[in-house]
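The next block holds one structure in the form of structure tokens; read it before the comments.
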């Protein structure tokens, strides 16, 4: 229930914005900044001023209120509170002139500096006109509210909670900015001021991005040792909002702090990208980086440049639509991280199981088999014993030694000792070279490892070792070869293991134990997201196993 309340508040803010626009007195013109005041940029064909004024002329006064350039600012972007209060007073006076004195006099100055007065009767937009003009922005706010619910449903982790706070804040900002961006010059004073307060709070709540950048995809080391530092962005938010609502600071007084937090977010994100070794998490960091970059562009284009230089503003709907794309990228990055971490947790659980299995096999079966081998070496039969009985001890010794060798091979396959590809290649070269040498087969193993693929995942090591054991076992049993060449190529975008011998070539096995061995190799390749192919060569057989590192 608690998570639904912020979303309901977002939708309520949108409803208030629609109401404010329907209540707004409309002249049917679009105003723009100009060197000499406020210029008429466009005129609606069916508006009250159609045929009475032309684009390029200036509006000097509405009723008894002399207009200033700052009157068409979307928000009171002032650093001094007295300037902001004066702006609010003019907004109230303009609204009263347009709303209460209908028809109202407009003082118009032509491009030739000729002044005249015209009288118009303002109208109001119906709901259809409001939704037509504000649909992209209101829809964006609603989508963000829904996205916050989706994120909450997926997980309750700190990353997801922080993401949810940002979605709600940005959705709320869209809802209250839509009427401020669409208004001609003035809205109902109490609604306009209320939406400005909500915009200030919701924009400040986007400080959750700073929190997010410090814990995604992993917590910074200094955050782990000093977790209280994560509260600093929210302390700043509470202080800045409190000072503004108390009338001490102005709407635009936090611009420098916004720059500071933006730099912190971008810096923390770039630091995470540079220090992160996992390629998949690097890609998620890049997806998230779209958010601060887009917000920085919006801040410059929609707030800084128009507010400081008094230039005409970009359409806010462009930013609203782009924000949806960036928010989806952020949600995708967070969800990918969650799925990836779940997969890693499963791998770690499997790893612990395999390590436990290795210990149990070594401590129990290994010791028993080693004891049998040692007893067979030390045992002897009395003189004159049956010849059949004399042959038993060597057979027991051979079988036990073979079982011990097979058990050690199995332990190598399930024991992920190494965590680097280079270590794994050395381990395979040493182990399988000795294994084949007992059958007078020479092994050559070449590896080409991409520098970006330094770490081998336990599941990859496990399945590749199983494939090598099965393939080389088939060479010993069926190929009649005296040389095996193994080539391992590891790179992002597609890796391959090639095993080639100079034996009798490939044949399609019957449905025997060996056929299951080939099926197992194919299954292991699929577990690694790859493929399995067997082909005959001019002098033997070749296996190609594609896999994802």
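The values are calculated or read from the model by the stated rules, or taken from the named source; none is laboratory data. Predicted model, so just to flag it, every value in this text is computed and none were measured. Don't worry about glycine lacking a Cβ; one is built from the backbone with ideal geometry, like all the others, and counts go over all protein chains shown.
The table for this structure:
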| item | result |
| --- | --- |
| Hey, residue 297 in a helix (DSSP H, G or I), closer than 29 Å to residue 30 by Cα, out of contact with any strand residue (DSSP E or B) (no Cβ under 7 Å at 6 or more places or on another chain) and modelled with pLDDT of 75 or more or not | no |
| Residue that is farthest from the chain's Cα centre (by Cα), among those in the range 197-213 that are more than 17 Å from residue 239 (Cβ to Cβ) and surrounded by fewer than 22 Cβ atoms within 10 Å (Cβ to Cβ) | 198 |
| Boolean, residue 218 is in contact (Cβ under 8 Å) with a residue 12 or more places away in the chain and more than 30 Å from residue 22 (Cβ to Cβ) | yes |
| Criterion (under 27 Å from residue 349 (Cβ atoms) and at pLDDT 85 or above) met by exactly one of 430, 422 | 422 |
| One residue from 332, 322 being at pLDDT below 85, in contact with a helix residue (DSSP H, G or I) (Cβ under 9 Å, 6 or more places away or on another chain), farther than 30 Å from residue 182 by Cβ and in the same structural domain as residue 214 (by TED's automatic domain parsing) | 332 |
| From 61, 32, 50, residue being at pLDDT 90 or above and not assigned by TED's automatic domain parsing to the domain that holds residue 250 | 61 |
| Per-region count, the range 69-95, residues surrounded by fewer than 18 Cβ atoms within 10 Å (Cβ to Cβ) and without any contact (Cβ under 8 Å) to a residue 24 or more places away in the chain | 4 |
| Residue count for the range 220-240, restricted to those that are more than 17 Å from residue 255 (Cβ to Cβ) and surrounded by fewer than 16 Cβ atoms within 10 Å (Cβ to Cβ) | 12 |
| Some residue of the range 98-121 being part of a helix (DSSP H, G or I), in contact (Cβ under 8 Å) with a residue 24 or more places away in the chain and either crowded, with 23+ Cβ neighbours inside 10 Å or in contact with a strand residue (DSSP E or B) (Cβ under 9 Å, 6 or more places away or on another chain) (or both) | yes |
| Qualifying residue in the range 10-18 (condition: crowded, with 21+ Cβ neighbours inside 10 Å and out of contact with any helix residue (DSSP H, G or I) (no Cβ under 6 Å at 6 or more places or on another chain)) | no |
| Conditions (1) in a helix (DSSP H, G or I); (2) within 33 Å of the chain's Cα centre (by Cα); (3) modelled with pLDDT under 85: number failed by residue 417 | (1) |
